[in-house]
Amino acid sequence: MSDTAEITLLDLSWDDILFQQILPRLSLKDCFNLRATSVLYKELVGAYFRKMRKLNVSMSVRSKGPAFKVLADGCSNIHYLNLSQTKWMTDDLLMPFLNNNRHLTHVNLSGCCDITSRSLQIIFILCENLKSLNLKDCRWVTAGCIEELVYHQENLEEIDLSSCFNLGDDSLILLIQKFRKLRVLCISNVYSVTDKTMFAIAHFSRNLEHLNVSQCWRIKDEGVWMVGEYCRKLKSLRVRNCQYVTLRSLDYLRSRIAIDGLPYSRWRYREIENIHPFGGINLQI
């Protein structure tokens, strides 16, 4: 009886089977363990990293610096990057990754308190097709960051600047004037925002679908009414704890707009989890 050649995982089609069906189901810890078993498996995982389009390392409490350095060297095709609440992330870790991944379209840096505008500048300059940017709770964001964004980018459709306390009407109006295709704008907890920003939204953001101005306590009925009147594509509006916004403006809008419903960010990022091949991996090591 002739010997039968042993079939291994490596004999399966890398592009059609391993990269599409098997490796996306592994945790990052599993990928790194597989990578460590042999030279060939290290080559396999490295090839997977190069093709991967989405990377989610959000909510990683402990420092994952060494693993992220491997990803910074190995990943070159990431489009969706979620670093939400990675308190250990720094410019020194992030900047090499950004330099190697210039196709980013969706970036979530919410709660990243130890990175600075240096990393943002790289994103703005190198990633020419940025569509979604989440900077919620990034209190280091300044008006200068917005000026850089406006100068270098053209296609932004979604931005979350919630709790970016250094921003005000002038910088937000500059942003709104530039990005006429905005569909999602979150500026909750930016306390200096007034109806000037709301009037700019009404004038320039005719494609807006979701607006969050909750806890912007200087906004009044007039601003809300203007947005509702001129942003005819608006689907949801969050105005919770806006003390000068009353039923006088909200009753007018409630028949066609969801007022203070489910936060948009909660279902938007769930939606992103399930798109694109090479869906991505979670940092769990």
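The values are calculated or read from the model by the stated rules, or taken from the named source; none is laboratory data. No experiment lies behind these values; they were computed from the predicted model shown. Methodologically, a virtual Cβ is constructed for each residue, glycine included, from the backbone with ideal geometry; neighbour enumeration extends over all protein chains shown.
Of the helices (runs of 4 or more DSSP H) lying entirely inside the stretch 1-104, the ones with 2 or more residues being not assigned by TED's automatic domain parsing to the domain that holds GLN121 are found at 28-35, 39-51.
Against the definition (surrounded by 23 or more Cβ atoms within 10 Å (Cβ to Cβ) and over 15 Å from the mean Cα position of the chain (by Cα)), how does PHE97 come out, yes or no? Taking the combined requirement at face value, the residue satisfies it.
Scoring LEU156 on the criteria (1) surrounded by fewer than 16 Cβ atoms within 10 Å (Cβ to Cβ); (2) assigned to a loop (DSSP other than H, G, I, E, B); (3) not acidic (Asp, Glu) leaves a single failure, condition (1).
Answer yes if at least one residue in the stretch 222-233 is in a loop (DSSP other than H, G, I, E, B) and either outside the structural domain of ARG139 (by TED's automatic domain parsing) or charged (D, E, K, R) (or both), and no otherwise. Yes: one or more hits. Scanning the stretch 236-257 for residues that are outside any strand (DSSP E or B) and either over 31 Å from the mean Cα position of the chain (by Cα) or of a type in the set (S, T, N, Q) (or both) turns up ASN241, GLN243, THR246, LEU247, ARG248, SER249, ASP251, TYR252, SER255. HIS276 satisfies every condition listed in (1) at pLDDT below 95; (2) surrounded by 17 or more Cβ atoms within 10 Å (Cβ to Cβ) except (2). Selection of the stretch 128-147 for residues being among the basic types (Lys, Arg) and more than 10 Å from ASN166 (Cα to Cα) yields LYS131, LYS136. Considering only the stretch 167-186, I want to know if a residue exists there that is in contact (Cβ under 8 Å) with a residue 40 or more places away in the chain and crowded, with 23+ Cβ neighbours inside 10 Å. Within the stretch 167-186 (the criterion being in contact (Cβ under 8 Å) with a residue 40 or more places away in the chain and crowded, with 23+ Cβ neighbours inside 10 Å), the answer is yes, since at least one residue qualifies.
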